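Quick notes on the structure that follows.
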Amino acid sequence: MKPLLSMKGATIRFGGLVAVKEVTFDIRPGDLFGLIGPNGAGKTTCFNLITGMYQVSSGEILFGEDCINGARKLPPNKICELGIARTFQNIRLFGALSALENVVIGGFLRSRSSLFSALTLMPPAIKDTRALEAKAMEYLKVMDLEEDAHTRARDLPYGKQRRLEIARAMATNPKLILLDEPAAGMNPQESEQLSRTVRRIRDDYGKTVLLIEHDMRFVMNLCERIVVLDHGEEIAFGGPDDIRNNPKVIEAYLGEPV
Amino acid sequence: MRFWGVRLASIAGGIGLAVLIHWIALSQLSAFGVRLVVLAGLYVTLAVSLNLINGITGQFSIGHAAFYQVGAYAAGLFTVKVFSSQPLTFMLWVPVAMIVGAVVASAAGLLVGLPSLRLRGDYLAIVTLGFGEIIRILSQNLKVVGAASGMAIEPKMLSQSPMVWLCWLLAIGSIALCRNLLQTAHGLSFLAVREDEIASSAMGINVTRTKVAAFVLGSALAGAAGGFYAHYEGFLIPTQFGMEVSFIILTMVVLGGSGSITGSVIAAVALSALPELLRNIKTIPLATVIGLTIGVIAAVSLGRRWSEQLHGPVRDRVLKLSGLTGLCLGGGYLLGLGLRALPALSEATTDGNRIRMVIFAGTLVLLMLVRPQGVLGHREFGLGKWLREPAR
Amino acid sequence: MIDVTSLLVAGIEFGSLPQQLLNGILIGGVYALIALGYTMVYGVLRLINFAHGEVYMLGAYTALFVSWIIYGRAQDPVTVVWYALPLMLLSAMTVCALIGIVLERFAYRPMRNQPRIASLITAIGLSLLLQYGGQLFLPVSPAPNISGKVNPYRDNLTFYLTQPAPSLVRAADALKPEMDKAKAALDEQLKLEKDEFNLSDTGLALRKEFFERQSAYNKAQGEAQSSAISITLPKGQLIMFTVTLILMAILRHIVLFTKSGRAMRAVSHDFDSAALMGINVNKIVTLTFVLGSALAGAGAMMSATFISGVKIDTFFGLLPGVKAFVAAVLGGIGNIPGAVLGGILMGVAESLVVWAGYDQYKDAVAFLILIVVLLFKPSGLLGSNKVEKV
Ligand SMILES: Nc1ncnc2c1ncn2[C@@H]1O[C@H](COP(=O)(O)OP(=O)(O)O)[C@@H](O)[C@H]1O
Ligand SMILES: [Mg+2]
């Protein structure tokens, strides 16, 4: 099967620090893919490279056939249009807007009505807005947020904010969705619930999922394939069982040989 | 079908309101009163258009008067050069000239916006300030627009019957455009850019294009207002559009609450009258100014302390705080009377013209210290709520 | 095809280029002093301190008042005392430092937890408040200036880079005897005249002749002079530049080699982490304002004293302030050597515009530079290209 996303030796330097070094892996359509590693390993930086927030120093990243970061460097909004959406480790919602509005904005990039029709409130703009709102409501339901649709995003509790970010990302109708520590700060029940939801996103909505998570139970139960980063380098790749028993991984996490 | 019915009704309502204002102004008010109504209309347009850039899209522009000026000069020059050789009557001509002003001003907006809007917020402030200076220097030196001695616009509106309806139609139109925009998903994308540029771009919003669109649209509206002003005054000199004007518009937007259209409108109507009214106050004892300033400072600093400790219903708190404010202001006034006993201050006076900018500047600073989100915050006020209803 | 360069260059005298470059560097020193304040405050607080130009303005007023205290309001002080200039400099620096502390403590510090835009609006408001509020209390009309006589170093140093063309010198010298002769004749006649203001016909004729010969001589003399390339350097401005360099050296020492300087660099690198590491952030921010404002005060005192004929009003700081800010951006905002480089470049750019004959556009060039910098190198000449952390 052709990969959906391939990292080909992606590298980025910040001054003297090589935050991500020659990282290479493929994600196939329909994967539930995990990206793990200790703090500061370069996981979030990988997300930033994939979504075009940072530009690679060398190597390249392909999405399907298209080069998105490398020889050609697409801006984040173009990459999102191609079908990659993300959440942020340090939540970045549109704080003053309601949950529903946040999700509507997620869907906006697929809207075709013109600015002119919005300014004059013509039928295309109204229809588009209504359709986006209906769709947004649906995503809020999936994330179990429909009761909070009209609450300001910054007034929501932390766990709900995380879920709202996922709903917003879903609304862009991506092929690949990147989740940066989605379970951070959640209690075991919430985390369990989230795990089911993420699986649904893949199974019912057919999205490919790439996720970063520190909660090992969460990752090992959910992900089918996992890449481990340490100090920007890829140190292991495989299924949950391979990773669990990989001495290099244990060393990276515990800081000493086993 | 129903859509078009409602639409036509609201357009008719807008035009009707403009005509009503025109009729009331011309039949009931003195020449000075009419002037205030016209200026209020222009400032509503300016404040609402700056609010689109500043409050809704979150781009901190502080040189809005420059676009007003570009529009005024462009429209004025166009009339001077072209009017005599074309068939339109003056009444039909003015809107055409305003469109010319809008187009040229929006081109200027594009010119300034493209390089600076790709960058972080603070730079835009300086670039727009600088653009204002460039425009001022150009207008003072270019012979075609009369350089420093100014340019007469011929023909101009008759002073006994200015087209008040036209300037209020523009104001109402600007309000309608912004309000319409906020009803749609498109408008939400502008708000998203204000809230978080990085998240917006990750959600597929073309951040630069959104900012430039807001900037160009805001400049166009300011340019149209300038076009009206040119034909209303009949004479343009560079000093009419200094940094002062930019800061007055900015104060209106900030005071009304960035992002709140109704806030901008109310603040614009209230503040546009202030400079004109102050201009007529000839002598104010300096001692009173000092006393009142001290009173205001006391009210603000005590109020800040106090409001953190106050609890209970909103009404009680508002009452207590306004009591405190009244007390401080009264005390300040008395202090002013006392200060007049000092020999250095007994004779010193100032005039309204000189303290108006002090009032604006003081308002800005105190407002930031007390309530940075503006009087209305992001919210819409009463009528505004009603305006927002239909789309949601 | 029209040769554009020849059109542009027409009317330009290359001989005056060195002079203009020098003028640019001298005024650039003042811009650099102001720019340092902007850049340091931006470095620690990420705030454009719009009121910095007004601190500069108040520095000029302080110097003015001190000169009035020393000499009275007399436009031409009879005797010039040696301690006047140092006292004016020190008091301007001190007063500005105090103003900086007050602004920071009462206006900017309460804003620190608010969105950035709130501090920016506060800064703009303060700047306006000082400009317009100052008009109520400070002498503005007629706009005062510091008497040129306060400065004992008024004469010029002139350096010849090339000598005047000998043929022109000879031509001018040849006209001199005739002028002297006409003058002598006129003087003779004047002795005979009863009313010096009501000359007889002979007297009028002689005077006319003398004036003609004199203007011919002056013209030839002028031509000879301008065939030489020379630089005129007012001694006062030389002192101004020297003091500027000394102040910059002191600043460099403080920032690089003292404990507070190290703390300042830490705060500007990462405000929150510096606070967590036990640095007293408030103290450092205050110090930053003190240093920046004192430098602005020094720049204000010197430019108001040594540049002849500057009038002081409450808008005295507006343009220098904005230009210095652009200089800071040009050099890379937050970068101290960058501010100095940017300031000097800004001064030179401005004087080049004057030299090219567009002096009415002198004030516009700063903003053109700003736009060009933002287009091509937004991080400035010496600034590093930081990637914003996501
Ligand atoms: N914009 C940036 N500038 C400088 N260093 C950065 C930047 N972004 C990330 N880094 C550094 O890259 C390294 C990896 O960070 P990150 O990808 O956030 O780690 P994590 O695996 O915990 O998500 C860290 O050392 C971090 O400080
Ligand atoms: Mg991370």
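The values are calculated or read from the model by the stated rules, or taken from the named source; none is laboratory data. Note that the structure is a prediction, hence the values are computed from the model and not measured. Glycine also receives a Cβ, built like all others from the backbone with ideal geometry; neighbour counts cover every protein chain displayed.
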- request: Check whether at least one residue in the range A:57-67 is in the same structural domain as A:Cys223 (by TED's automatic domain parsing), more than 16 Å from ligand 2 (Cβ to nearest atom) and buried (at least 22 other Cβ atoms within 10 Å of the Cβ), and report yes or no.
  value: yes
- request: Kindly indicate whether A:Ala85 is more than 7 Å from chain B (Cβ to nearest Cβ), at pLDDT 90 or above and touching a strand residue (DSSP E or B) at 6+ places or on another chain (Cβ under 7 Å).
  value: yes
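Any idea which residue in the range A:128-143 is surrounded by the fewest Cβ atoms within 10 Å (Cβ to Cβ), counting only those that are assigned to a helix (DSSP H, G or I) and either touching a His at 6+ places or on another chain (Cβ under 6 Å) or more than 10 Å from chain B (Cβ to nearest Cβ) (or both)?
Residue satisfying both the conditions and the ranking: A:Ala134.
Per-residue answers, yes or no, for (1) in a loop (DSSP other than H, G, I, E, B); (2) within 14 Å of chain C (Cβ to nearest Cβ):
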residue: B:Ile62; (1), (2): yes, yes
residue: B:Ala75; (1), (2): no, no
residue: B:Val82; (1), (2): no, no
residue: B:Pro87; (1), (2): yes, no
residue: B:Ala108; (1), (2): no, yes
residue: B:Leu114; (1), (2): no, yes
residue: B:Leu119; (1), (2): yes, yes
residue: B:Gln140; (1), (2): no, yes
task: Filter the range B:180-208 for residues that are assigned to a helix (DSSP H, G or I), within 7 Å of another protein chain (Cβ to nearest Cβ) and closer than 22 Å to A:Ile126 by Cβ and give the result.
output: B:Asn180, B:Leu181, B:Gln183, B:Ala185, B:His186, B:Gly187, B:Leu188, B:Ser189, B:Leu191, B:Ala192
message: What's the number of the only condition in (1) within 14 Å of chain A (Cβ to nearest Cβ); (2) at negative phi that B:Gly259 fails to meet?
response: (2)
- request: For C:Lys149, indicate whether it is farther than 30 Å from C:Val78 by Cα and part of a helix (DSSP H, G or I).
  value: no
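Could you list, in sequence order, the residues of the range C:120-143 that are in a loop (DSSP other than H, G, I, E, B) and either over 23 Å from the mean Cα position of the chain (by Cα) or not hydroxyl-bearing (Ser, Thr, Tyr) (or both)? Before you say what the answer is, go through the steps one by one.
First pass over the range C:120-143, keeping only residues in a loop (DSSP other than H, G, I, E, B): C:138-143.
Correct list: C:Leu138, C:Pro139, C:Val140, C:Pro142, C:Ala143.
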task: Restrict the check to the range A:69-76 and report whether at least one residue is more than 16 Å from ligand 2 (Cβ to nearest atom) and polar (S, T, N, Q).
output: yes
message: Quick check on the range A:171-192: of everything there that is in contact (Cβ under 8 Å) with a residue 40 or more places away in the chain and away from chain B (no Cβ under 14 Å), which residue is farthest from ligand 1 (Cβ to nearest atom)?
response: A:Pro182
- prompt: In the range A:38-72, what residues are more than 16 Å from ligand 1 (Cβ to nearest atom) and hydrophobic (A, V, I, L, M, F, W, C)?
  reply: A:Leu62, A:Phe63, A:Cys67, A:Ile68, A:Ala71
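Taking the stated definitions as given, is C:Met88 in contact with a Ser or Thr (Cβ under 8 Å, 6 or more places away or on another chain) and free of Cβ contacts under 8 Å to residues at least 12 places away in the same chain?
no
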message: Name the residue that is farthest from the chain's Cα centre (by Cα), counting only residues in the range A:1-45 that are within 13 Å of ligand 2 (Cβ to nearest atom) and within 12 Å of chain C (Cβ to nearest Cβ).
response: A:Ala19
field: Residue that is surrounded by the most Cβ atoms within 10 Å (Cβ to Cβ), among those in the range C:176-211 that are touching a residue at least 24 places away in the same chain (Cβ under 8 Å) and of a type in the set (Asp, Glu)
entry: C:Glu209
- request: Could you tell me whether the range A:116-123 includes any residue that is in contact (Cβ under 8 Å) with a residue 12 or more places away in the chain, crowded, with 19+ Cβ neighbours inside 10 Å and either of a type in the set (A, V, I, L, M) or within 11 Å of another protein chain (Cβ to nearest Cβ) (or both)?
  value: no
- prompt: Which condition number in (1) within 16 Å of ligand 1 (Cβ to nearest atom); (2) surrounded by fewer than 19 Cβ atoms within 10 Å (Cβ to Cβ) is the one that A:Glu146 fails?
  reply: (1)
task: Considering only residues that are of a type in the set (Ser, Thr, Tyr) and under 27 Å from C:Leu87 (Cα atoms), look in the range C:222-257 and name the one that is nearest to the chain's Cα centre (by Cα).
output: C:Thr244
task: Test each condition in (1) part of a helix (DSSP H, G or I); (2) modelled with pLDDT under 75; (3) over 16 Å from B:Leu286 (Cβ atoms); (4) small (Gly, Ala, Ser) for B:Ala344 and report the one that comes out false.
output: (3)
statement: Of (1) in a loop (DSSP other than H, G, I, E, B); (2) closer than 17 Å to B:Asn54 by Cβ; (3) modelled with pLDDT of 70 or more, B:Leu367 fails just (1)
- prompt: Among (1) surrounded by fewer than 24 Cβ atoms within 10 Å (Cβ to Cβ); (2) within 14 Å of chain B (Cβ to nearest Cβ), which single condition is C:Gly317 missing?
  reply: (1)
query: Which condition breaks for C:Ile146 when tested against (1) within 14 Å of chain B (Cβ to nearest Cβ); (2) among the hydrophobic types (A, V, I, L, M, F, W, C); (3) within 19 Å of the chain's Cα centre (by Cα)?
result: (1)
Any pair with Cβ under 9 angstrom, 6 or more apart, that starts in the range A:45-56 at a residue that is on the phi > 0 side of the Ramachandran plot and ends at one that is more than 13 Å from ligand 2 (Cβ to nearest atom) and assigned to a loop (DSSP other than H, G, I, E, B): A:Gly52/A:Lys73; A:Gly52/A:Leu74; A:Gly52/A:Pro75
- request: Could you list all residues from the range A:1-23 that are more than 9 Å from ligand 1 (Cβ to nearest atom) and within 20 Å of A:Leu74 (Cβ to Cβ)?
  value: A:Lys2, A:Pro3, A:Leu4, A:Leu5, A:Ser6, A:Met7, A:Lys8, A:Gly9, A:Ala10, A:Thr11, A:Val23
statement: Among the residues of the range A:5-19, the number that are part of a strand (DSSP E or B) and over 17 Å from A:Asp230 (Cα atoms) is 3
